[in-house]
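For reference, the structure is listed below as structure tokens.
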There are 2 protein chains.
Amino acid sequence: MEVTNKRILLKDYVLGPPKESDMVASSETVRLEVPVGSKAVLLKNLYLSCDPYLRTLMNRPVEGQEVPYFTPINPGSVITGFGVAKVVDSGHPDFKVGDYVWGLTGWEEFTLISNPETLFKIKYTDVPLSYYTGILGMPGMTAYAGFYEICSPKKGEYVYISAASGAVGQIVGQYAKLLGCYVVGSAGSNEKVNLLKTKFGFNEAFNYKEEHDLAVALKRHFPEGIDIYFENVGGAMLDAVLLNMRDHGRIAVCGMISQYSLEKHEGVHNLICLITKRVRMQGFAVFDHYHKYDEFVETTREYIKEGKIVYVEDVVEGLENAPAALVGLFTGRNVGKQVVVIAQE
Amino acid sequence: MEVTNKRILLKDYVLGPPKESDMVASSETVRLEVPVGSKAVLLKNLYLSCDPYLRTLMNRPVEGQEVPYFTPINPGSVITGFGVAKVVDSGHPDFKVGDYVWGLTGWEEFTLISNPETLFKIKYTDVPLSYYTGILGMPGMTAYAGFYEICSPKKGEYVYISAASGAVGQIVGQYAKLLGCYVVGSAGSNEKVNLLKTKFGFNEAFNYKEEHDLAVALKRHFPEGIDIYFENVGGAMLDAVLLNMRDHGRIAVCGMISQYSLEKHEGVHNLICLITKRVRMQGFAVFDHYHKYDEFVETTREYIKEGKIVYVEDVVEGLENAPAALVGLFTGRNVGKQVVVIAQE
């Protein structure tokens, strides 16, 4: 059976913040079958995930420069990212037609996955399937590993989260609250700040765009300093945090969204505080922690069912709206985890 | 008994690199006795230690700004730093006349220490006493804690040390070689580079002043990347290292001598590498590790006696030459650990 497969391609390497015109809609005809004898699976994509790291895959390659661990996206290629999908054909013994999965897929209606070992099978469907782009998928696992493994958190500690209403931040804040930490988040609008305080139960939150001096804002919220910083932003925010860390503090470096669109990243000037405060600053990547996925999903699903953790998604309908949704991450338009619905099940 | 006590005072807060004229010689008359009923000890200083961190104590205080963990030095006060001394009077039960000690003392001939608990008693005098300003004192303990505790080193790993011929760097490099690591150091003269390769047994060394592009130099010495960076320098060196780190690398942040004389520290632009390489970067301070001092001194003394570790000192005679010796640290004039002899024993 042949069908039309609508897709979103990268048009050209991106310079500066991503624009809708950096991407282009296209279509092709595909057979809804895996090649005979292959171990591939054919996915019908249901939900796509807009994540900040995608921007880092869209740069023109520079010789000798750091290559990100996810495969860069070349102009003319379909955009690849995380998504939730249904198996519509399978040559792999571990996957059968009708299985729900999440993992790396394409920004298109149907994707042939030649290495299905990279996909996670979805065990629990008593939560919204879209949650596997967020709280029960890559961002959730990122929050879990970053907070519990990298931050070495203890009850009663002072925790600060930037981009706190985003896909990862909102979960980290709720994990920290459940552990008995004092949690403050920052975000870029009063609506988001309100969400942090009312919906997610943060102790305090502030709109960083309304602060003249981030270091002063942090000092106001953390008069005794910050034990744990969950870093999603980078640049000037990191500099302000460094000045406010407590002795033996920890910084989990998850992302630096403020820097991804800059040709040269901003300089960070206060690293001396790592010495004076004896701070540990540690970068991490979710895939180093996938062996904890089952533990994470059991724990977090329980929290969701018991109402101990809530999750806010910003849902956009239609593949054709995916480019605008991605662009919106970098202007802060999304409120909560940005999801794109490709097909309803 | 009253004697004249020659001293070196800080003249005014220091701006930029330290100059001899920032310090001034002075003298006072002191009684060679501790006050009746006090638990103080009176020290006759033998060796003083010139350490880069001293510069950070000489800044004009800025409101709201980071205060270093050592007490800042005020203009008109005697300079305080590490030294080796002999007890000439004692009101403290743990110290008796004739004991040799090392710890924080004054840049003067005699110092009354009102909190002698901060001093370390010297157990072994079968090594040069001046070693307790270096390899068996604060810098040695710094190297030991920084390398074994912070770097999580493993045999066969690639280790890079900046300011590698200095008081701390030369020891770190030799510990790393003893563990079976591949060790490269950088320094600021060909004489020092030669010392690293011939005397300390580093695998390779380079003169950073002769390199146009530090990142390229590191790539040449570490084609497979750096597992462990022992950071003594900061700024542009750190930026170059970040680009060359291996996955799961560790950076022990011991010092940033290139930054101490700057009013605003240079920006570091490549922190994104902490994420892409999942690097842990950790600041530390020696006094958090003093509980390991006995273990350290036993181990390191054995290494010295067996000839497995050597130590190079740059010895200057006379308290009056201490300011020039300190200044020399910041122009790279010293070759090895900078020591000032106050009195011979």
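For the reader, a short list of remarks on this structure follows.
- Counting only alpha carbon atoms, the long axis of helix B:322-331 and the longest principal axis of chain B meet at about 10°.
- Using a 7 Å projection from Cα along Cα-to-Cβ, the label point at A:Glu63 is separated from the same position in the remaining copies by 5.4 nm, smallest value first.
- Within the accessible surface of chain A, defined with a 1.4 Å probe on protein heavy atoms only, the carbon and sulfur portion equals 50 percent.
- Cα-projected label distance for A:Tyr290 with A:Leu104, points at 7 Å along beta-carbon direction, nm: 0.8
- The accessible area of A:Ser189, taken with all protein chains in place and a 1.4 Å probe, comes to roughly 30 Å².
- Cross-link partners for A:Lys11 among the lysines, with Cα-Cα distance under 16 Å and sequence neighbours closer than 8 places in the same chain left out: A:Lys19.
- Theoretical ellipticity at 222 nm over chain A - DSSP helices of four or more residues, -39500 (n - 2.57) apiece, nearest 500: -6000 deg cm²/dmol
- Placing R0 at 22 angstrom, the Cβ-Cβ distance between A:Glu210 and A:Val310 gives a FRET efficiency of 0.30 after rounding to 0.05.
- Beta-bridge orientation, chain A: approximately 60 percent antiparallel, per DSSP, counting only bridges with both partners inside.
- Other-copy label distances relative to A:Ala324, 7 angstrom Cα-Cβ extension, nm: 7.5
- With every protein chain in place and a 1.4 angstrom probe, the accessible-area ranking of B:Arg7, B:Arg250, A:Arg333, largest first, reads A:Arg333, B:Arg7, B:Arg250.
- Comparing A:Leu112, A:Ala322, A:His289 along the charge dipole axis of the protein assembly as shown, the residue lying farthest to the positive side is A:His289, per the Cβ-charge model.
- Counting only residues at least eight positions apart within a chain, or on another chain, the lysines with an alpha carbon under 19 Å from that of B:Lys199 are B:Lys177, B:Lys305, B:Lys308, B:Lys337.
- Most fluctuating residue given options B:Gly225, B:Gly201, B:Gly156, as computed from a GNM of chain B linking Cα atoms under 10 Å: B:Gly156
- B versus A: buried accessible surface, summed, Å² (probe 1.4 Å, to nearest 100): 2800
- Heavy-atom surface of the protein assembly as shown, accessible at 1.4 Å and reported per residue (Å²): 40
- Gap separating the Cα centres of region B:274-345 and region A:106-149, nearest whole Å: 51
- Selection from A:Pro35, A:His269, A:Leu218, by position along the positive dipole direction of the protein assembly as shown (Cβ): A:Pro35
- Only beta bridges with both residues in the protein assembly as shown are counted; by DSSP, about 60 percent of them are antiparallel.
- Separation of alpha-carbon centers, region B:41-103 and region A:1-32, rounded to whole Å: 67
- Within 10 Å of each Cβ in B:252-264, the average number of Cβ atoms from other chains: 2
- Given a 1.4 Å probe and the protein chains as shown, B:Val216 ends up with an accessible area of around 80 Å².
- Net charge dipole size for chain A [Lys, Arg +1 and Asp, Glu -1 on Cβ; Debye, nearest 20]: 660
- With every protein chain in place and a 1.4 angstrom probe, the accessible-area ranking of A:Asp213, A:Asp89, B:Asp227, largest first, reads A:Asp213, A:Asp89, B:Asp227.
- Restricting region A:163-209 to trypsin sites (Lys or Arg not before Pro) in coil, as DSSP defines it, with at most 16 other Cβ within 10 Å: A:Lys199
- For region B:212-254 versus region A:177-248, the gap between their alpha-carbon centres in whole angstrom: 31
- DSSP bridge orientation in region A:101-247 - percent antiparallel, rounded to nearest 5: 15
- Relative contact order for region A:5-120, counting Cα pairs under 8 Å that sit 6 or more residues apart, in percent: 34
- Each Lys and Arg Cβ is given +1 and each Asp and Glu Cβ -1; about its Cα centre, region A:22-172 then shows a dipole of about 320 debye.
The values are calculated or read from the model by the stated rules, or taken from the named source; none is laboratory data. Fair warning: this is a prediction, and the values are worked out from it, not measured in the lab. Neighbour counts run over all protein chains shown; Cβ positions are idealised from the backbone, glycine included. Note: accessible area is taken over every heavy atom of the protein model, side chains too, but ligands, DNA and RNA are not part of it. Shrake-Rupley method; radii C 1.70, N 1.55, O 1.52, S 1.80 Å.
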